[in-house]
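The values are calculated or read from the model by the stated rules, or taken from the named source; none is laboratory data. This is a predicted model, so every value here is computed, not measured. Counting neighbours? That spans all protein chains shown, and the Cβs are built from the backbone with ideal geometry, glycine included. Heavy atoms of the whole protein, side chains included, go into the accessibility calculation; ligands, DNA and RNA do not. Shrake-Rupley method; radii C 1.70, N 1.55, O 1.52, S 1.80 Å.
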Amino acid sequence: MAISLDKALGIHQHSLEGRVKRAEVLANNLANADTPGYKARDIDFQAMMQKAQEGMDSGFGMNRTHESHMDTSTMGQDSELLYRVPHQPSVDGNTVDAQQEQTRFMRNAMDYQASFQFLNGKVTGIKKALSGQ
């Protein structure tokens, strides 16, 4: 009987990927906190997880069997990337609130660490099961 790592690890690998993407977006917001006209962005993490869950449940994926076929792995990649509605936009049009972005970044880092520890626990459990402990 073959072990399916996708089923064994569950949604946690997708959660880590989503947290990394969100960290990149939030870091970009912080880097552009003083850029005139910059619009703060964020990722709809719940939508990403819903999409990942639906992909896991369906069991149907699109495979690229010829180089002239469209690459569907990157299609809709920015569908979760949204503009943030500012509480108080600045006069120059920048919508980044540095304190809120730092708070979101730290919260995302803590959530990443929790997801990583959970995934690490799953891998440790699989290793113990395979070694017969």
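Can you pull out every residue in region 16-34 that is closer than 17 Å to GLN99 by Cβ and of a type in the set (Gly, Ala, Ser)?
Within region 16-34, ALA27, ALA31, ALA33 qualify.
Kindly evaluate ASP42 against the criterion of being at pLDDT 90 or above, open to solvent by less than 30 Å² (accessible area, probe 1.4 Å), outside any helix (DSSP H, G or I) and not hydrophobic (A, V, I, L, M, F, W, C). Steps first, answer last, please.
Numbers: at pLDDT 90 or above: yes; open to solvent by less than 30 Å² (accessible area, probe 1.4 Å): yes; outside any helix (DSSP H, G or I): yes; not hydrophobic (A, V, I, L, M, F, W, C): yes.
So ASP42 passes the test.
Output the qualifying pairs, or none if there are none: Cβ atoms under 6 angstrom, residues six or more apart or on different chains, first residue in region 12-35 and closer than 20 Å to GLN46 by Cα and modelled with pLDDT under 95, second residue hydroxyl-bearing (Ser, Thr, Tyr) and open to solvent by 40 Å² or more (accessible area, probe 1.4 Å).
If the second residue must be hydroxyl-bearing (Ser, Thr, Tyr) and open to solvent by 40 Å² or more (accessible area, probe 1.4 Å), the pairs left are ARG19/TYR112.
Please determine whether any residue of region 62-70 is modelled with pLDDT under 80 and under 20 Å from the mean Cα position of the chain (by Cα).
The first filter runs over region 62-70 and keeps only residues modelled with pLDDT under 80, leaving 62-70.
Pick out the ones that are also under 20 Å from the mean Cα position of the chain (by Cα) and you get none.
No: region 62-70 contains no residue that is modelled with pLDDT under 80 and under 20 Å from the mean Cα position of the chain (by Cα).
Out of the residues in region 82-116 that are surrounded by 11 or more Cβ atoms within 10 Å (Cβ to Cβ) and in contact with an Asp or Glu (Cβ under 8 Å, 6 or more places away or on another chain), which is nearest to ILE43 (Cα to Cα)?
LEU82
Quick test for you: out of MET110, MET75, pick the one residue that is at pLDDT below 85 and more than 15 Å from LYS39 (Cα to Cα).
Details: MET110 fails: at pLDDT below 85.
The match here is MET75.
Taking the condition of being open to solvent by 80 Å² or more (accessible area, probe 1.4 Å) and touching a Ser or Thr at 6+ places or on another chain (Cβ under 9 Å), how many residues in region 117-133 meet it?
The total comes to 1.
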